[in-house]
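Comments concern the structure below.
The values are calculated or read from the model by the stated rules, or taken from the named source; none is laboratory data. Because the structure is predicted, anything quoted here is derived from the model rather than measured. Cβ placement follows ideal geometry from the backbone for every residue including glycine, while neighbour counts extend to all protein chains displayed.
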Amino acid sequence: MNKRIFFQSLFVIFVSNSMAQSAETGGMPQLNPEYWISQIFWLVISFGGMFVILSKIVLPKISGNLEARKSQILENIEIAEKQREESETKVREYEKIILDSKNEAKNYFNDARKKVIENINLKKESLENEINEEIKSAEKEINDLKNSSQEKIRKIAIETSSDIVKQLINVDVNSSSISAIVEDLSKKNKDKYHGI
Amino acid sequence: MAANPMHQFNVYRIGPEIKLGEIDISFTNASLFMVISSIAILVIFNLGSKKNTLIPNKIQLLAELSYSFIAKMINDTAGSKAKPYFSFIFSLFMFVLFCNMFGMIPYSFTVTSHIIVTFMLAAFIFIGVTVIGFIKHGLGYLKLFVPSGVPMVLLPLIVVIEIISYLSRPVSLSVRLFANMMAGHTMMKVFGGFVVSLGIIGGWLPLSFSVALTGLEILVAFLQAYVFAILTCIYLNDALNLHH
């Protein structure tokens, strides 16, 4: 209720105010043709001047700026793309280099291993040769010894047998006959003593 | 006097009386604001196009955004054939927008709240569009008044209606802008008057209303400029691409 009275009073004040004053000035100034021609004239001047300057000078510049920016951005994108490609090829090259050097390192390692193994084999062989030679010489010595010992044993056998015969029957026996007997015996017992 | 809501629309002479023969073309407050708006547009867009940096500064961004905004609007409504008329529609939109916005400054004058100004703009657009239509299509432009797919019986009626609607275009275009601006400014003045007459006790309500109305009016100022420009585009579209 209070609200309604408030708004009604507002309206009354407004209407009385505006009616009193519009009566003074006579309605809408827009419909007063006194300055119409002047307004049209100045509208043509200001709008026309602005239109001419905008369309001849300002707008082409703005559109040129926009075009320039667009083309520059496209150019930059192109350059960036190119650089990206370049960097990719560089990365590929780098990876290839790393792979190559890895292979090289592997080869070096393999070579070194081969060399070492060869060296070892060589040394082993020469060592074996030496050992074999030594064994051979030792065997030969043994054989020599064996042969010479047989001869010596025969001699000793002949001497001792002649000595024993002399002592036993006091007869000087011919050494050649004794040796023949010893020879005979030794041949008989060859298998017994030497196992040859 | 100052409390009269229509007082703000008074046109009065500034400076000496200029007469061209019998015709009075004196410089008025309306002329002053037309010139101020035009110069403001030129200054802003000249500053916005002076330097071409890859990353635009604020004023350049403003100029370029408005450029692409209007270019997109024209392209969307009137197609690519409307490109030659870009600078006219751009100037039109900016002029109406700046006049509306300058009108929002207290104690200033709203150029577009005068029917004669908006009617001149609308009449120029109407005549221009009609001339373009006849140049592009010859007498075929009259097909605009004969929509396709209408029964023969209804055709006389439809043609009359179409002609009336075509002829009322400048009126509707001009009255829309003029009435919006005048009504908004009158309303703000009325509420401002309430603040004074209700005093410190009751004046807060109309004051808050006035503040809200200011925001609304700024929106309306932009919107009406946009509507004015887009309707021009639509009329231009009719003249360039005859669809009927």
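Kindly check whether there is at least one residue in the range B:27-36 that is crowded, with 18+ Cβ neighbours inside 10 Å, of a type outside the set (Ser, Thr, Tyr), more than 10 Å from chain A (Cβ to nearest Cβ) and touching a residue at least 60 places away in the same chain (Cβ under 8 Å). No.
For the range B:1-51, name all the residues that are in contact with a strand residue (DSSP E or B) (Cβ under 8 Å, 6 or more places away or on another chain), part of a loop (DSSP other than H, G, I, E, B) and not hydroxyl-bearing (Ser, Thr, Tyr). Scanning the range B:1-51 gives B:Val11, B:Ile14, B:Glu17, B:Ile18, B:Ile25, B:Phe27. The residue that is nearest to the other protein chains (Cβ to nearest Cβ), counting only those in the range A:26-54 that are in a loop (DSSP other than H, G, I, E, B) and not small (Gly, Ala, Ser), is A:Met28.
Every residue, every condition in (1) closer than 30 Å to B:Val117 by Cβ; (2) surrounded by 16 or more Cβ atoms within 10 Å (Cβ to Cβ); (3) touching a helix residue (DSSP H, G or I) at 6+ places or on another chain (Cβ under 6 Å), yes or no:
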| residue | (1), (2), (3) |
| --- | --- |
| B:Leu155 | no, no, no |
| B:Glu162 | yes, yes, yes |
| B:Ser165 | yes, no, no |
| B:Leu173 | yes, yes, yes |
| B:Phe178 | yes, yes, yes |
| B:Met181 | yes, yes, yes |
| B:Gly192 | yes, yes, yes |
| B:Val195 | yes, yes, yes |
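Yes/no matrix, rows are residues, columns are (1) over 16 Å from B:Ala239 (Cβ atoms); (2) within 24 Å of the chain's Cα centre (by Cα); (3) in a loop (DSSP other than H, G, I, E, B); (4) modelled with pLDDT of 90 or more:
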residue	(1), (2), (3), (4)
B:Phe86	no, yes, no, yes
B:Ile116	yes, yes, no, yes
B:Ile135	no, no, no, yes
B:Ser148	yes, no, yes, no
B:Leu177	yes, yes, no, yes
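Test A:Leu122 against the stated conditions and say whether it is at negative phi and over 41 Å from the mean Cα position of the chain (by Cα).
Considered against the rule, which asks whether it is at negative phi and over 41 Å from the mean Cα position of the chain (by Cα), A:Leu122 comes out as no.
Restricting the search to the range B:62-72, which residues are aromatic (Phe, Trp, Tyr) and more than 8 Å from chain A (Cβ to nearest Cβ)?
B:Phe69
Applying the set (1) of a type outside the set (Gly, Ala, Ser); (2) under 22 Å from A:Gln39 (Cβ atoms); (3) away from every other protein chain (no Cβ under 14 Å) to B:Val111 leaves exactly one unmet item: (3).
The condition (being surrounded by 18 or more Cβ atoms within 10 Å (Cβ to Cβ) and more than 8 Å from every other protein chain (Cβ to nearest Cβ)) is satisfied by just one residue among B:Ile14, B:Ile59, B:Ile89: B:Ile89.
Residue count for the range B:62-87 under the criterion of being free of Cβ contacts under 8 Å to residues at least 40 places away in the same chain and not charged (D, E, K, R): the result is 13.
Quickly run through the range A:58-98 and pick out the residues that are exposed (fewer than 12 other Cβ atoms within 10 Å of the Cβ), facing chain B (nearest Cβ under 9 Å) and within 29 Å of B:Ile41 (Cα to Cα). Before the answer, list the steps.
The first filter runs over the range A:58-98 and keeps only residues exposed (fewer than 12 other Cβ atoms within 10 Å of the Cβ), leaving A:67, A:70-71, A:73-98.
Subsequent filtering for residues that are facing chain B (nearest Cβ under 9 Å) retains A:73, A:76.
If the condition is that a residue be exposed (fewer than 12 other Cβ atoms within 10 Å of the Cβ), facing chain B (nearest Cβ under 9 Å) and within 29 Å of B:Ile41 (Cα to Cα), then A:Ile73 is the only one that fits.
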